[in-house]
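Trainee: Structure in structure tokens, see below.
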Amino acid sequence: MEAPIRAPSPAPEPSPPLTPVTTLKPIPKLPGKFLTGHLSDFRSDRLKLFRDVKEKCGEIGSVRVGPMPVLVVTSGTLAHTLLHSHANDVDGGPLVKTFTPLVGENSLVLIHGPPHRKQRKLLAPSFQREQLAHFTQTMVQYTREAIDGWRDGQELDVHKEMAALTMRIIGKTLFDVDYRHETTELLGAMGHALEHIEYLTSSLVQIPLSWPTPRNKRVRQALHTIDTTFREMIRQRRVDHGERKDMLSSLVRVRDEDGQPIGEDQLHDDLMTIYSGHESTALSLGWTWYLLARHPEVLARVRQEVDSVLGGRPPTFEDLPHLRYSLQVIKESLRLYPVIFMLARAPTKDLEVGGYRLPKGQMILMPPYIIHRDATFFPEPERFEPERFTPEREKQLPRYAYLPFGAGPHTCIGNHFAMMEEQLILATMVQRLDVELASAQEVPPEVLTVTLRPSHFKLRVAHRRAPSPAAAPA
């Protein structure tokens, strides 16, 4: 009997190509309290919380602010990747959105993607360093007038004086208005608005602004004062910008690709963003003076440079490249005390960055205060050493090691304005004043929203005789 004919076995199917498996790294968790997590430190000592993450978790760590998980990135590499390479995949998240009552929904701080690029392109020409040159006279003049009002031996509240000065400067350069007599009212309004933002960023349960509480009434009145002032300025300048050199006159002349001017609401929010920057400049100047007063040898070197370059005359725009050491001092001050001490982002989709999975909507904080203290790039990071920013040494720093104005598309648009203003104010004050700390006590940073303020800090001042022009070297 013949064996049955069997059908041939089918050829085995080819194996699918191997897909490389990416092994994601776990994100370490910082131990916290059972119910509240790290809420207490987040409210009262954020800098300590960030230091703990760096020490115990490394380049990234997870904390819990009440019920809300928050990732803290302490690595400059990871932070720069998020801010630059993934700029189109993140937004400001809930923390940045708390600034909406102050800066408006259309602020450069809040918008992202194509709307941000379009608006920044319209504003950028007004912030080019060369375009800002005609503001130098105002900055120097107002600084000299402030100094003339101080008595020998007077103890100055440095933040208060610098805030009044920078507010007067921004009023003149932005609106061509001298806020010398209105300073108290506007500073108070801005203060109430910033206090409200601090409340929003540190409270789990927030009372709606519409509720008629005493706090909310103060905040609404402050926002109304600021809003009314700005809109009135915009409307005036629409019909009368003439030959004015202020920034608002420049902005009302801007036209987009379709020949349309910037709308009032958008311009209002842009001005609010620019205007609120005066507080950051004041804070930075305060920290610079604190460090100089604690390091008289550095102050002496700044004075030597100022006297040599200026020879007793007021500083000008053309002098800025020659005041190199003064600029190094400001940069080192911003390293130790970055005014914006933490940046916030949230992915708009699931991301993989540096081998870590960052889920959509996850709040991520990146503190330059910690990133700037990486001993790999800044040996003895707590030491005040302006020589770190000589041109040769600064060129060796990777872009992610130093982020005083952020990084990527959202780098602060006013960074040139701020640095120029600080350099001119510093040179003018050093030229005309002797200073010393009113108290030898160390000044701890005081956290306000996302900024660092030098708390309880006073300088004792005395006028010095400026060198005559004849004393300047040839």
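The values are calculated or read from the model by the stated rules, or taken from the named source; none is laboratory data. As the structure is a prediction and not an experimental result, all values here were calculated from the model. Because the Cβ atoms are built from the backbone with ideal geometry, glycine has one as well, and the counts that use them run over all protein chains shown.
Trainee: Within the bounds of segment 397-412, is there any residue that is among the polar types (S, T, N, Q) and modelled with pLDDT of 95 or more?
Mentor: Checked segment 397-412: no residue is among the polar types (S, T, N, Q) and modelled with pLDDT of 95 or more.
Trainee: Just to check your reading of the model, which residue among THR348, THR428, THR411, THR376 is surrounded by 18 or more Cβ atoms within 10 Å (Cβ to Cβ) and of a type in the set (S, T, N, Q)?
Mentor: Residue meeting the stated conditions: THR428.
Trainee: GLY171 versus (1) over 23 Å from HIS410 (Cα atoms); (2) in contact with a helix residue (DSSP H, G or I) (Cβ under 7 Å, 6 or more places away or on another chain); (3) at pLDDT below 95: which is the lone unmet condition?
Mentor: (2)
Trainee: Inside segment 125-157, can you point out the residues that are closer than 28 Å to PRO321 by Cβ, of a type in the set (Gly, Ala, Ser) and either surrounded by fewer than 19 Cβ atoms within 10 Å (Cβ to Cβ) or free of Cβ contacts under 8 Å to residues at least 24 places away in the same chain (or both)?
Mentor: ALA133, ALA146
Trainee: Any residue in segment 453-471 that is buried (at least 17 other Cβ atoms within 10 Å of the Cβ), under 25 Å from the mean Cα position of the chain (by Cα), aliphatic (A, V, I, L, M) and part of a strand (DSSP E or B)?
Mentor: Within segment 453-471 (the criterion being buried (at least 17 other Cβ atoms within 10 Å of the Cβ), under 25 Å from the mean Cα position of the chain (by Cα), aliphatic (A, V, I, L, M) and part of a strand (DSSP E or B)), the answer is yes, since at least one residue qualifies.
Trainee: While we're here: Any chance you could count how many residues in segment 55-89 are within 13 Å of ILE364 (Cβ to Cβ) and acidic (Asp, Glu)?
Mentor: Selection size over segment 55-89: 2.
Trainee: Can you tell me how many residues within segment 187-207 are modelled with pLDDT under 70 and among the β-branched types (Val, Ile, Thr)?
Mentor: Number satisfying all stated conditions: 2.
Trainee: Could you identify the single residue in PHE389, PHE384 that is at pLDDT 95 or above, surrounded by fewer than 19 Cβ atoms within 10 Å (Cβ to Cβ) and not polar (S, T, N, Q)?
Mentor: Numbers: PHE389 fails: surrounded by fewer than 19 Cβ atoms within 10 Å (Cβ to Cβ).
Of PHE389, PHE384, the one residue that is at pLDDT 95 or above, surrounded by fewer than 19 Cβ atoms within 10 Å (Cβ to Cβ) and not polar (S, T, N, Q) is PHE384.
Trainee: Now for a separate question. Restricting to segment 86-124, give me the number of residues that are surrounded by fewer than 20 Cβ atoms within 10 Å (Cβ to Cβ) and without any contact (Cβ under 8 Å) to a residue 12 or more places away in the chain.
Mentor: The number of residues fulfilling the criteria is 4.
Trainee: Being within 22 Å of the chain's Cα centre (by Cα) and assigned to a helix (DSSP H, G or I) narrows it down to one residue among PRO114, PRO94; which is it?
Mentor: Just one listed residue meets the conditions, PRO94.
Trainee: Which condition does LEU49 not pass, out of (1) at pLDDT below 95; (2) buried (at least 19 other Cβ atoms within 10 Å of the Cβ), if it passes all the others?
Mentor: (1)
Trainee: If we only count helices (runs of 4 or more DSSP H) wholly inside segment 32-82, which ones have 3 or more residues that are closer than 26 Å to HIS410 by Cβ and basic (Lys, Arg)?
Mentor: Counting at least 3 such residues, we get 46-56.
Trainee: With segment 237-329 as the region, which helices (runs of 4 or more DSSP H) entirely inside it contain at least 1 residues that are among the small types (Gly, Ala, Ser) and crowded, with 22+ Cβ neighbours inside 10 Å?
Mentor: Working: elements: 247-252, 264-294, 296-310.
The qualifying helices (runs of 4 or more DSSP H) are 264-294.
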